[in-house]
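*Asks:* My questions will all concern the structure given below.
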Amino acid sequence: MPKRPLDHPAHAASTRISSPVLPPSPDVPTPLLGNLTPSQFMRRYWQKKPLLIRQAIPNVAAPLSRDELFELADQDEVEARLITHFRNKWQLEHGPFAADELPSLKQRAWTLLVQGVDLHDDRARALLDRFRFVPDARLDDLMISYASDGGGVGPHFDSYDVFLLQVHGKRRWRISAQRDLSLRPGVPLKVLQNFEPEEEWVLEPGDMLYLPPHIAHDGVAEGECMTCSIGFRAPSSSELTAQFLYHLAERGESDDREERAPKLYRDPQQPAVAHPAELPAALVERVGAILAQVRWNEKDIASFLGAYLSEPKPSVVFDPPEQPLNEARFIQRASNFGLRLDRKSVLLYNSRFFFLNGEENRLAGLKKWLIEFADSRCLSAKRFVTLSDDSSVTALLHEWYRAGWIQVDEPV
């Protein structure tokens, strides 16, 4: 297949953002939300009902060009899916995809979905940051959908909140609050069996549609188009329960190692048996008694959530600097240019602890500056200078820099 022409301006995926993109203030109206304040939006619409927003981001540009997106979909560490609807048959393939493995641009009814683009490109991360009026603990990722004319993924529903921002071309959306969410059998996608649209719009670049969970929707490209989906984490109760119990077990074993050997199951009164495959009633009773002793409090829950929700996804790999600065040079550069969190880093906190990329640490004397760093995802040069006399702070930041968790915010 011949190489596709670069019809969009290309930018390197490592393009840096010279200044942070701050989310709108909770009580200031913003075009992003149809001139509602974030507080009004969260109160009236969040997890309640859809909202169509015309020109949420006027003059919007796609974070990545079409060709950059195709290149990203060819990387092993990137989650990409190709969905086709040829001859009325749905098909799903998983990436990576070389350039010649994608359908022709002239072929109708195909879609390329690239997940977690914000992990790989600062422009996508900057777009995601506009939605940080929702807590970072709930913010998941930015997915880009490229579709040829007639492309889509079929009528479906999501189990999480999503903002659908049109960034190139047009897409026709039909939505429904229907209760029938049964799926078509024998299809590799979760396509609704009985979709009954209630409302319909065509979205152009800059337009955005917010959908709460379980609102049925179907988006079809009208010509070539690109859509950014800003999604939010919504772990199931079973997932949270399993992960929390695992967290408690890990902590319990750690405490036991510090104080004494771990407690082992004992059954000194177990008699010989004639039916070795039978589950002993005494075993069930004793294990039940052990589990009944499991206790937790609000501190344990906060500790679990902070570590769990800041834990990088399995595909995330941090890139330490190839030639790291020593601490003195790091302090000098940070004093001139400031610092920023790497786009892959997640930094959360509560009143007692902070959680960086799955690691829990006491907030203690770090409280004020670290909260500023977490909320803005950057630390200005001027603010860094005020901290540079504290060797424990500069040593900690230098350690994060060497791990690739933060970057010196050098000028573009």
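The values are calculated or read from the model by the stated rules, or taken from the named source; none is laboratory data. Being a predicted model, the structure only gives us computed values, none of them experimental. Please note: Cβ atoms are built from the backbone with ideal geometry, for glycine as well, and neighbour counts cover all protein chains shown.
*Asks:* Condition first: aromatic (F, W, Y) and under 26 Å from the mean Cα position of the chain (by Cα). Now tell me which residues in region 369-411 satisfy that.
*Replies:* W369, F373, W400, Y401, W405
*Asks:* Would you check which residues across region 353-368 are surrounded by 14 or more Cβ atoms within 10 Å (Cβ to Cβ), part of a loop (DSSP other than H, G, I, E, B) and not aliphatic (A, V, I, L, M) and list them?
*Replies:* N357
*Asks:* Please work out if L192 is without any contact (Cβ under 8 Å) to a residue 40 or more places away in the chain, more than 19 Å from the chain's Cα centre (by Cα), in the same structural domain as A56 (by TED's automatic domain parsing) and buried (at least 17 other Cβ atoms within 10 Å of the Cβ).
*Replies:* Judged against the criteria, L192 is a match.
*Asks:* Identify, by number, the condition in (1) among the acidic types (D, E); (2) farther than 20 Å from F131 by Cα; (3) in a helix (DSSP H, G or I) that D375 doesn't meet.
*Replies:* Of (1) among the acidic types (D, E); (2) farther than 20 Å from F131 by Cα; (3) in a helix (DSSP H, G or I), only one is false for D375: (2).
*Asks:* Sticking with this structure for a sec: Being in contact (Cβ under 8 Å) with a residue 40 or more places away in the chain, surrounded by 15 or more Cβ atoms within 10 Å (Cβ to Cβ), closer than 27 Å to L119 by Cα and in contact with a Leu (Cβ under 9 Å, 6 or more places away or on another chain) is the requirement here; does F373 meet it?
*Replies:* Spelling it out, it is not the case that F373 is in contact (Cβ under 8 Å) with a residue 40 or more places away in the chain, surrounded by 15 or more Cβ atoms within 10 Å (Cβ to Cβ), closer than 27 Å to L119 by Cα and in contact with a Leu (Cβ under 9 Å, 6 or more places away or on another chain).
*Asks:* Anything in region 289-336 that is surrounded by 12 or more Cβ atoms within 10 Å (Cβ to Cβ), of a type in the set (A, V, I, L, M), more than 22 Å from R383 (Cα to Cα) and over 20 Å from the mean Cα position of the chain (by Cα)? List them, or say none.
*Replies:* Result: I301, single match.
*Asks:* Would you be able to say whether some residue in region 202-210 is exposed (fewer than 14 other Cβ atoms within 10 Å of the Cβ) and over 27 Å from A56 (Cβ atoms)?
*Replies:* Checked region 202-210: no residue is exposed (fewer than 14 other Cβ atoms within 10 Å of the Cβ) and over 27 Å from A56 (Cβ atoms).
*Asks:* Scan the strands (runs of 3 or more DSSP E) fully inside region 105-189 and keep the ones with 2 or more residues being in contact with a Lys or Arg (Cβ under 7 Å, 6 or more places away or on another chain).
*Replies:* 139-147
*Asks:* Additional query: Testing S238 on (1) assigned to a loop (DSSP other than H, G, I, E, B); (2) without any contact (Cβ under 8 Å) to a residue 12 or more places away in the chain, one condition comes back false. Which one is that?
*Replies:* Of everything listed in (1) assigned to a loop (DSSP other than H, G, I, E, B); (2) without any contact (Cβ under 8 Å) to a residue 12 or more places away in the chain, S238 misses just condition (1).
*Asks:* How about region 1-49: which of its residues are of a type in the set (D, E, K, R) and either farther than 28 Å from E224 by Cβ or at pLDDT 50 or above (or both)?
*Replies:* Across region 1-49, the qualifying residues are R16, D27, R43, R44, K48, K49.
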